[in-house]
Amino acid sequence: MSDSFGKSASSIIEYILTCDTFDPEYCKSLLHKSLYKKADEVIQSIIGYELRVDQSVKMKVCRKHYDFINLCVSELDKAISQLAKPYQDLIDISVTLPGITEKSATYIIAEIGTDMTVFKSDKHLCSWAGLTPQNNESAGKKKSVHVSRAGVYLKPLLIQCANAAIRDKKNPYFRLKYERIKKRRGHKRAIVAIARMILTCLYHMLLKREPFNPSDADYTNMPEKLYQKHKQQYIKKAIKLLEKEGCTIIPPKIT
């Protein structure tokens, strides 16, 4: 089993710690989903185990501690959800960005606030979050181009969001940008760049109170299903651009 704290593993460990005689058939009934197919392997790995009294006591204490931590986390999540209710409209705007979930949006807003006017620009916000290269230069020579150590809480969260964004199959916007940067700069620098783009997008989205709607989206590289979904939006943008250039758009006659 890959997760010793999963539903099946937790049930089996609990059974082993409390049972007097091990029953393989009952143990099989504790397995869920795909693990049921590996029931014989699981049982074979358990048969012949020796669990001393002191080991059993320590494992029970560890499990109680683990359950207590989960309970504390659950209570904190409930409290955070209550505190975040006044900002639900901004959270709803933020989750339109690929890689951002409701929970991560809540944590990001808790760090940067809701008033983006306190930052001079999106670059100032990215610098505050530690996502821009350091300006370490002496005698015309750059000594370091690594990102700063600022944003000890916000930066790791945005990196996680960036990793989720490049894996988003429904919206490949950030994945396409990541692949272009990765070819030149490598994975680590590309991920930091995507995290900086995400924070930049959030800055303008929260400032203008608008959902994610990038003007530089490359619809030609999108999968066909996703392209059809964005087609009408793309056509509206194209018409708006042509009208801005002085062109007159005549809708086709419906026959």
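The values are calculated or read from the model by the stated rules, or taken from the named source; none is laboratory data. These figures come from a predicted structure and were not determined experimentally. Cβ: placed from backbone, ideal geometry, glycine included. Neighbour counts: every protein chain shown. Heads up: the accessible areas ignore ligands, DNA and RNA and are worked out on the full protein's heavy atoms, side chains in. Shrake-Rupley method; radii C 1.70, N 1.55, O 1.52, S 1.80 Å.
Contact map, the range 62-84: residues that are farther than 12 Å from residue 103 by Cβ paired with residues that are at pLDDT below 90 and open to solvent by 70 Å² or more (accessible area, probe 1.4 Å), Cβ distance under 6 Å, separation 6+ or inter-chain. No pairs are found.
For the range 80-103, name all the residues that are assigned to a helix (DSSP H, G or I), within 14 Å of residue 206 (Cβ to Cβ) and either among the polar types (S, T, N, Q) or open to solvent by 30 Å² or more (accessible area, probe 1.4 Å) (or both). The answer is 87, 88, 89, 92, 94. Across the range 1-31, the number of residues qualifying as open to solvent by 70 Å² or more (accessible area, probe 1.4 Å), in contact (Cβ under 8 Å) with a residue 24 or more places away in the chain and assigned to a loop (DSSP other than H, G, I, E, B) comes to 2. Scanning the range 206-227 for residues that are at pLDDT below 70 and open to solvent by less than 90 Å² (accessible area, probe 1.4 Å) gives 216, 217, 218, 219, 221, 222, 223, 226, 227.
Taking the criterion of being of a type in the set (Lys, Arg) and in contact with a helix residue (DSSP H, G or I) (Cβ under 8 Å, 6 or more places away or on another chain), the only residue of the range 1-32 that qualifies is 28. Which count do you get for residues in the range 176-192 that are surrounded by 20 or more Cβ atoms within 10 Å (Cβ to Cβ) and among the hydrophobic types (A, V, I, L, M, F, W, C)? Residues flagged as surrounded by 20 or more Cβ atoms within 10 Å (Cβ to Cβ) and among the hydrophobic types (A, V, I, L, M, F, W, C) within the range 176-192 amount to 3. Looking at the range 55-79 only, could you name the residues that are open to solvent by 70 Å² or more (accessible area, probe 1.4 Å) and among the charged types (D, E, K, R)? Passing the criteria: 58, 60, 64, 67, 75, 78. Does the range 191-201 include one or more residues that are over 25 Å from residue 234 (Cβ atoms), modelled with pLDDT of 90 or more, among the polar types (S, T, N, Q) and part of a helix (DSSP H, G or I)? No. Would you pick out the residues in the range 121-159 that are of a type in the set (Ser, Thr, Tyr), surrounded by fewer than 16 Cβ atoms within 10 Å (Cβ to Cβ) and modelled with pLDDT under 70? Those that are of a type in the set (Ser, Thr, Tyr), surrounded by fewer than 16 Cβ atoms within 10 Å (Cβ to Cβ) and modelled with pLDDT under 70: 138, 144.
Within the range 101-112, residues that are within 11 Å of residue 157 (Cα to Cα) and modelled with pLDDT under 95 sit with their Cβ atoms under 8 Å from residues that are of a type in the set (S, T, N, Q) and open to solvent by 80 Å² or more (accessible area, probe 1.4 Å), at 6+ positions apart or across chains, in these pairs: 104/160. Among the residues examined, residue 60 qualifies as more than 30 Å from residue 110 (Cβ to Cβ) and either modelled with pLDDT of 85 or more or among the polar types (S, T, N, Q) (or both).
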